[in-house]
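The values are calculated or read from the model by the stated rules, or taken from the named source; none is laboratory data. All of these numbers come straight from a predicted model, not from anything done at the bench. Here the Cβ is made from the backbone with ideal geometry for all residues, glycine too, and neighbour counts use every protein chain on show. In case anyone asks, the SASA skips ligands and DNA or RNA and just uses the protein heavy atoms, side chains included. Shrake-Rupley method; radii C 1.70, N 1.55, O 1.52, S 1.80 Å.
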Amino acid sequence: MTTNPSSPPARVRRGHVLVVEDDAATARYLVLALQRAGYTAASVGDAVAAERYLADNDCDALLVDIGLPGPSGFELVRELKEARPTLPVALVTAYANMDVAVRALRSEVDDFLAKPIEPPDLVEAVDRLVARGRAAEAGSQRVLAVGAHPDDVAVAVGGTLLRHRFEGDEVAVLSLTGGDGGPGAEAAARAAELLDAQLFLFDLPVGEVTDGEPAVGLVAGVIDELVPSVVYTHSLNDQRADHRRAHHATLAAARRIPTVCCYEGPSATVDFRPVRFVPIDPFVDAKLEVVAAAVGVGDGSPDQELVRATGRYWGRFGGARYCEPLEVAWDTSGRAAESAAAAVAPVTG
Ligand SMILES: [Zn+2]
């Protein structure tokens, strides 16, 4: 075992990281880079030593080389994830190809780092891992709902977001546009306040919502900051091209997020095919207030009636009076489903 006992005591301890790496020079490099950023770090050379180390030491994150002598990094991750599901693990490899990436995702690693890793990228990745692990330990989730326009999220998943807040989860709302021509920044801020959600309001010109940059970068930036475990966005089954582009941009930016679900907006097509239904009975009235704030209209408007009736319609599928429907882009979280109907196999795509 090549543990490194010399962590600098003068620095703020941001967390303890174990590096599982058989190449001594690489291990030293990773440990040093983490220590310089204020982490304490240690290294071991194989899976058996890693298990032994973890039996005696608390760790906030693990960096695991794939090509270990003896049991591989994949095997170690699989065993670790069974015994310690909340311990965040990143796989490190010199062979960055699709095959390895796909296997890494399947073995439920939290991140995937290709050598050589520059220290700033390493520290950023470890910051994310540690934040994710702490959120998992606390049992609360961070949720990000992305829309092309400021009012999209309130109408589609306002009840779901209120439910998340009620359950102690942190909620953030991202709009790619500031909503010129429609309800603007003020309406979005009021709606976010009612949702008790953090608001990220960008000002891409309407009509310039893309499925590549800059939209992907905007969403990815917020995802890097928040490290959500759940992301909601537009369904691809939507008549509006800007909604579909926002869907593509969000899925690209959220590829490492465990759960990504797609919501139904008023412009959804008949091909919208939900497999998950979130019961929102206690939150319907509050949702309608959020919608009123977001779309900038008063009580009893046609929009409100449609929102209520839509929830009532989907309630048939979710064992509640009112539900919000979701398609599942992917879900690797292993969390218990929120409703009986969620037991339906998720659609991957
Ligand atoms: Zn919209």
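Does region 23-36 contain at least one residue that is charged (D, E, K, R), open to solvent by 10 Å² or more (accessible area, probe 1.4 Å) and either outside the structural domain of residue 110 (by TED's automatic domain parsing) or modelled with pLDDT of 95 or more (or both)? Spell out how you get there, then give the answer.
The first filter runs over region 23-36 and keeps only residues charged (D, E, K, R), leaving 23, 28, 36.
Filter again for open to solvent by 10 Å² or more (accessible area, probe 1.4 Å), leaving 23, 28, 36.
Still in the running and either outside the structural domain of residue 110 (by TED's automatic domain parsing) or modelled with pLDDT of 95 or more (or both): 28.
Yes, the conditions are met somewhere in region 23-36.
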Looking for something at pLDDT below 85 and touching a Lys or Arg at 6+ places or on another chain (Cβ under 8 Å) - is there at least one such residue anywhere in region 151-162?
no
Please give the number of the condition residue 218 fails out of (1) over 17 Å from the mean Cα position of the chain (by Cα); (2) closer than 30 Å to residue 125 by Cβ.
(1)
Candidate set from region 234-262 (those that are more than 11 Å from the ligand (Cβ to nearest atom) and assigned to a strand (DSSP E or B)); member that is farthest from residue 133 (Cα to Cα):
262
Of the conditions (1) surrounded by fewer than 24 Cβ atoms within 10 Å (Cβ to Cβ); (2) closer than 30 Å to residue 134 by Cβ; (3) at pLDDT 95 or above, residue 272 clears all except one; give me its number.
(2)
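If you take the residues of region 263-294 that are part of a loop (DSSP other than H, G, I, E, B) and in contact with a Phe, Trp or Tyr (Cβ under 6 Å, 6 or more places away or on another chain), which of them is farthest from residue 163 (Cα to Cα)? Lay out the reasoning, then the answer.
At the first step, the residues of region 263-294 found to be part of a loop (DSSP other than H, G, I, E, B) are 264-267, 269-275, 280.
If we keep only those that are in contact with a Phe, Trp or Tyr (Cβ under 6 Å, 6 or more places away or on another chain) too, we end up with 264, 280.
Numbers: 264: 17, 280: 7 Å.
Filtering first and then ranking leaves 264.
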Among all residue pairs at least 6 apart or on different chains, which show Cβ distances below 8 Å where the first residue, located in region 146-172, is more than 9 Å from the ligand (Cβ to nearest atom) and the second is part of a helix (DSSP H, G or I) and among the charged types (D, E, K, R)?
154/287; 158/287; 159/287; 162/287; 171/165
Leading residue by the ranking (nearest to residue 125 (Cα to Cα)) among those in region 50-71 that are touching a strand residue (DSSP E or B) at 6+ places or on another chain (Cβ under 9 Å) and part of a loop (DSSP other than H, G, I, E, B):
60
If you take the residues of region 40-71 that are over 17 Å from residue 26 (Cβ atoms) and of a type in the set (S, T, N, Q), which of them is least open to solvent (accessible area, probe 1.4 Å)?
40
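Residue under question is residue 109, and the condition is that it be of a type in the set (Val, Ile, Thr), within 21 Å of residue 216 (Cα to Cα) and either crowded, with 24+ Cβ neighbours inside 10 Å or not assigned by TED's automatic domain parsing to the domain that holds residue 94 (or both); does it hold? Can you show your working first?
Numbers: of a type in the set (Val, Ile, Thr): yes; within 21 Å of residue 216 (Cα to Cα): no; either crowded, with 24+ Cβ neighbours inside 10 Å or not assigned by TED's automatic domain parsing to the domain that holds residue 94 (or both): yes.
So residue 109 fails the test.
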Quick test of your reading of the structure: residue 175 fulfils all but one of (1) out of contact with any Pro (no Cβ under 7 Å at 6 or more places or on another chain); (2) closer than 28 Å to residue 274 by Cα. Name the failing condition by number.
(1)
Is there a residue in region 126-133 that is in contact with a strand residue (DSSP E or B) (Cβ under 7 Å, 6 or more places away or on another chain) and at pLDDT 90 or above?
yes
